[in-house]
1. Quick check: the angle from helix 61-73's long axis to the longest principal axis of the chain, C-alpha only, nearest 10 degrees?
2. Contour minus end-to-end for ARG219 and VAL204, with contour as 0.36 nm per residue of separation and end-to-end as the Cα-Cα distance?
3. Calculate the dipole size of the stretch 26-80 relative to its Cα centre from +1 charges on Lys and Arg beta carbons and -1 charges on Asp and Glu beta carbons; express the result in debye to the nearest 20.
4. What list of ³J(HN,Hα) values in whole Hz, one per residue of the stretch 20-34 in order, does the Karplus curve 6.51 cos²θ - 1.76 cosθ + 1.60 (θ = phi - 60°) give from phi, with Gly and Pro shown as x?
5. Give a residue-ordered list of calculated ³J(HN,Hα) values for the stretch 204-211 (Karplus: 6.51 cos²θ - 1.76 cosθ + 1.60, θ = phi - 60°; whole Hz; x for Gly, Pro).
6. Please work out the ratio of the alpha-carbon Rg of the chain to 2.2 N^0.38 Å and round it to two decimals.
7. For the chain, what does -39500 (n - 2.57) per DSSP helix run (n ≥ 4), summed and divided by total residues, give at 222 nm, in deg cm²/dmol to the nearest 500?
8. Place +1 on the Cβ of every Lys and Arg and -1 on the Cβ of every Asp and Glu in the chain, take the dipole about the Cα centre, and give the residue among ALA80, PRO111, SER144 whose Cα lies farthest towards its positive end.
Amino acid sequence: MIEAVLWDVDDTLFDFSGSDRLALLRHFEAEGLSAGETALGHWRQATRTAYGRLAAGELTYAEYQRERVRGFTGQALSGAEADAWFGRYTALFEAAWTVFPDVPATLEALPYRQGILSNSSTGHQERRMAVLGLRHHFEVLLCSDMLRCAKPDPAAFLAGCAALGLPPAAVAYVGDRLDVDAVGAHEAGLVGIWLDRGRTAVRVPDGVHRIPDLGELPRLLTSL
């Protein structure tokens, strides 16, 4: 029987991609840069490159943000200059923050204990959940910077279960990424649920559950 639900945040509860896209286009325009798809692709590539170094332990989170800016602009910016550039984007990003429409009612209605397990920084997710008015739903909020491990490492999922004081089999994990979230949770002994808002044709491995929106979640949880 399921007793608790652990959640991913970005692109599961929080519309990170939509908010990020809108803010980036506004920021590029304000900086006098091209604001089209090519620029967005360049930014995403700079982000992937810097994130690889972050995941490898070569960069702190602050350095990761600076390297994203340097990689995108192609300029040898000082730390202060890169921080200022990123800060201007951040202000636009925060102004664009939004949750998916099905999130508030779902969190309010679920009769389970709830928590967050995110591959982000604790400060970022604490602030987002507070600003979006969702923080009160969650008993625990755990992030990779605090845990020093990240999904899909089983240790991350097990840390979430330990924080709730529950065995993995009593905890469901909901996230937007099949491999990192749903499969990772399943392999750690939790109930892995993939929130596939795009309704893709990807095959789901045995033992992993898929839902197209959060309206399907209560029925699924009661059936487990």
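The values are calculated or read from the model by the stated rules, or taken from the named source; none is laboratory data. Computed from a prediction, not measured in an experiment: that's the story for all the values here. In this analysis, Cβ positions are derived from the backbone assuming ideal geometry, glycine residues included, and neighbour counts consider all displayed protein chains. Note: accessible area is taken over every heavy atom of the protein model, side chains too, but ligands, DNA and RNA are not part of it. Shrake-Rupley method; radii C 1.70, N 1.55, O 1.52, S 1.80 Å.
1. Helix 61-73 sits roughly 50 degrees off the main axis of the chain.
2. 3.5 nm
3. The dipole magnitude comes to about 100 debye.
4. With coefficients 6.51, -1.76 and 1.60, one gets 5, 4, 4, 5, 5, 4, 5, 5, 4, 5, 5, 8, x, 9, 4 Hz.
5. Coupling constants for the stretch 204-211: 9, x, 4, x, 9, 9, 10, 10 Hz.
6. Normalised by 2.2 N^0.38 Å, the Cα Rg of the chain equals 1.06.
7. Computed ellipticity for the chain at 222 nm equals -14500 deg cm²/dmol.
8. ALA80
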